[in-house]
Amino acid sequence: MSSPAEAASTGGPLAGRRAVVSGAASGIGAAATASFLAAGAEVVGLFHATPPPDDLRERCAWVACDARDRRSVDTAFEQATSILGGLDVLLHAAGSWRPGTPESLSDDELDLVLDINLRSTVLTNQAAFARMRHGGGQIINLGSAEGVRGNPLAPHYAVAKAGVHAWTRSVAAAWGRFGVTVNALAPAVGTQGAERLWEHLGPERAAAFKERLRTTMPLRGELGDPETDLGPVMVFLAGTGARFMTGQLIAVDGGLQMLGA
């Protein structure tokens, strides 16, 4: 793994930036890790149930972390910042989409999805801020258009993501005076969560859903690619060009959900 000085010598928009990516072993987290590395950043990937993928395993350092547990998060961030020599960027991608219905949602289902998506955001953001408060930094959370419009197929997920949006705005207002920006992304890209949705819907309903995307999504009409479509936006938010942006929910979804200001 390269040092910050060596990373800076390679150039790139994130040259010399020190980043932690949670949920880095798969999906959007893996895309962020690959994109940050390609942009010149030094990265520590946090992983839990899914091991680091072969194509990224040797390209950065990895630290085990259960993002739902405060002690695990604090230990992981202590290890990560020791490896990096500090912290400039957190991209929190740990999370999970699970199906459910409003009338039958159990306590266990609700607790699990809130912990994975909302509690993990709070804990990782707090750990990052503790290490950024004296030098500034950038935090990027993963929200969802489902947290804006709701979802009868996954109401607990929609609630959790709405909480992520509110948390992002709240801490952006609180931490701006420390030079820490906090923004959230609402992507529509192909991930394991999308695969769970297709499985939940079944072949016929999934096909109808994809056909509806083709007619309602202005750009391309299909889910984007986490690395090539979302990756450049994540790199931008992690770089100095986004230093005057905070508290924003930014849709990267081919125009499917036009959030506005």
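The values are calculated or read from the model by the stated rules, or taken from the named source; none is laboratory data. If you're wondering where the values come from, they're calculated on a predicted model, not measured in any experiment. With ideal geometry, Cβ positions are generated from the backbone for all residues, glycine too; neighbour counts draw on all protein chains shown. We work out accessible area using only protein heavy atoms, side chains counted, and drop any ligands, DNA or RNA first. Shrake-Rupley method; radii C 1.70, N 1.55, O 1.52, S 1.80 Å.
Can you find even one residue in region 217-234 that is at pLDDT 95 or above, among the hydroxyl-bearing types (S, T, Y) and over 19 Å from T124 (Cβ atoms)? Checked against the condition, which is being at pLDDT 95 or above, among the hydroxyl-bearing types (S, T, Y) and over 19 Å from T124 (Cβ atoms), region 217-234 yields at least one hit.
Can you name every residue in region 138-161 that is of a type in the set (D, E, K, R), touching a residue at least 40 places away in the same chain (Cβ under 8 Å) and surrounded by 20 or more Cβ atoms within 10 Å (Cβ to Cβ)? Residue satisfying the conditions is K161 alone. Just one of the listed residues (V189, V164, V171) is closer than 22 Å to T101 by Cα, touching a residue at least 24 places away in the same chain (Cβ under 8 Å), in contact with a strand residue (DSSP E or B) (Cβ under 8 Å, 6 or more places away or on another chain) and of a type outside the set (G, A, S), namely V164.
For region 229-252, the condition holds for no residue, the condition being that it is hydroxyl-bearing (S, T, Y) and under 23 Å from D55 (Cβ atoms). Of the helices (runs of 4 or more DSSP H) lying entirely inside region 59-142, those carrying at least 3 residues that are touching a Phe, Trp or Tyr at 6+ places or on another chain (Cβ under 9 Å) and at pLDDT 95 or above are 120-132. Scanning region 48-71 for residues that are out of contact with any helix residue (DSSP H, G or I) (no Cβ under 9 Å at 6 or more places or on another chain) and either more than 11 Å from A25 (Cα to Cα) or surrounded by 15 or more Cβ atoms within 10 Å (Cβ to Cβ) (or both) yields a count of 2. Hey, among the residues in region 180-203 that are farther than 19 Å from G221 by Cβ and of a type in the set (D, E, K, R), which one's least open to solvent (accessible area, probe 1.4 Å)? Per the criteria, the residue is R196.
Within region 239-261, if we keep just the residues that are in contact with a strand residue (DSSP E or B) (Cβ under 8 Å, 6 or more places away or on another chain) and not in a loop (DSSP other than H, G, I, E, B), the residue that is surrounded by the most Cβ atoms within 10 Å (Cβ to Cβ) turns out to be L249.
Residue pairs whose Cβ atoms lie under 6 Å apart, sitting 6 or more positions apart in sequence or on different chains, and linking a residue in region 117-137 that is among the small types (G, A, S) to a partner that is in a helix (DSSP H, G or I) and modelled with pLDDT of 95 or more, are A127/V73; A127/D74; A127/F77.
Quick grid of which residues meet (1) under 17 Å from the mean Cα position of the chain (by Cα); (2) of a type in the set (K, R); (3) surrounded by fewer than 22 Cβ atoms within 10 Å (Cβ to Cβ):
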position: L14; (1), (2), (3): no, no, no
position: R17; (1), (2), (3): no, yes, no
position: G27; (1), (2), (3): yes, no, no
position: A30; (1), (2), (3): yes, no, no
position: L46; (1), (2), (3): yes, no, no
position: A80; (1), (2), (3): no, no, no
position: R98; (1), (2), (3): yes, yes, yes
position: N117; (1), (2), (3): yes, no, no
